[in-house]
Structure formats: C-alpha cells, structure tokens
Amino acid sequence: MAHEKKRPKFLNLFRIHLPVAGVTSIAHRVSGAVMFLSIPLLIYLFSLSVKSPQGFQQALGILDSYYSRLILTILAWAFAHHLLAGIRFLLTDVELGTELSTARKTAWLVNIGGAVVFLVLVYMIWL
C-alpha cells in the first residue's frame, strides 16, 4: 500500500467522455422523464377536445401556437428515442447484442434512428 492511486479531487463533467451506450442510456431516461412530465398537459388537451365541438376547436387553437409546436417537437424526439432505446434495452435483457461491438453499433443505430424519426416528425409538425 505504499503506492496509492491519485484520485481526482474534483469531478469535471466537461472532461468526461461517455461511451455512446452511456449517452443512449441517459437520453432514454431524459426522454422518459419528458414524456412523463407531459402527461398533465396531454390529459388537459384531451379532456378539452372531447368536451364539446367548441372545446375541440379551442384545443386545436392551442396546438397551433408556436410554443405548442415546440413542445410537440420535443415530445416527438422523446417518443422516437424512448421507443427505439427501449427496444434495444429489451433485447439486451434477453442477452441479444450484449457484446461490446454489437452494443456500440446498436447504440449508434438507436441514436441515428431516433434522429431520423425526429426529423420526419419535425417536417410533419412544422410544415
């Protein structure tokens, strides 16, 4: 024990480089939290839309605003990434794709696939 490893005295988060699987995992958690936090807003909009024809028009008016489209865009990313990453994690639970090289490839596939689905949904929401 004469030679102990020097441990850092502070943790600089900007110097840490996560592997792509770590980024995918953190984004999966963030996307799940975003979807969970959007539930009250979605319930409100749904209840407003089924109340009456005027309520439906009011809900459409709310969804047509710039900020609502921005929120829908964020929710589109959250849904796309969470779905793809969830499938990846379910496959790793049954021991498929657990090798390091395969895990890296599937993490990249999830991130790129989520971005592609996100761009398609952005096109549909904004145009």
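The string of couplings for region 39-45 from the Karplus curve (6.51, -1.76, 1.60, θ = phi - 60°) is 4, x, 5, 5, 5, 4, 5 Hz, one whole number per residue in order, with x for Gly and Pro.
Based on the Cβ-Cβ distance of Gln57 and Met124, what FRET efficiency does E = 1/(1 + (r/R0)^6) give at R0 = 22 Å, to the nearest 0.05? Display every interim value, and only then the final one.
Details: r = 21 Å, r/R0 = 0.97.
Rounded to the nearest 0.05, the efficiency is 0.55.
For the chain, take the longest principal axis of its alpha carbons; what is the angle in degrees between that and the long axis of helix 20-37, to the nearest 10 within 0 to 90? On a 0 to 90 degree scale, this one is about 30.
Between the entries [x] 69, 34, 15; [y] 77, 36, 27; [z] 39, 29, 25, the label attached to Cα extents along the principal axes in Å calculated for this structure is [y].
Residue order for Ile71, Ile26, fewest other beta carbons within 10 angstrom first, comes to Ile26, Ile71. Counted by neighbouring Cβ atoms within 10 Å, the residues Glu4, Glu99 run from fewest to most as Glu4, Glu99.
Exposure proxy shown here: for His81, His17, His28, the number of other Cβ atoms within 10 Å sets the order, fewest to most, as His17, His28, His81.
Compared with the dominant principal axis of the Cα atoms in the chain, helix 100-126 is inclined by about 20°.
Run the paramagnetic zone check for Ile74: 7 angstrom along Cα to Cβ, then residues of region 8-33 with backbone nitrogen under 12 Å. Once the point is set 7 Å along Cα→Cβ of Ile74, 31, 33 turn out to lie under 12 Å by backbone N, inside region 8-33. Among Arg88, Arg15, Arg104, the largest mean-square fluctuation in a Gaussian network model of the chain (Cα springs under 10 Å) belongs to Arg15.
No lab work stands behind these numbers, since they all come straight from the coordinates. None of these values were measured; they are calculated from a predicted model. Virtual Cβ from ideal backbone geometry, glycine too; neighbours counted across all protein chains shown.
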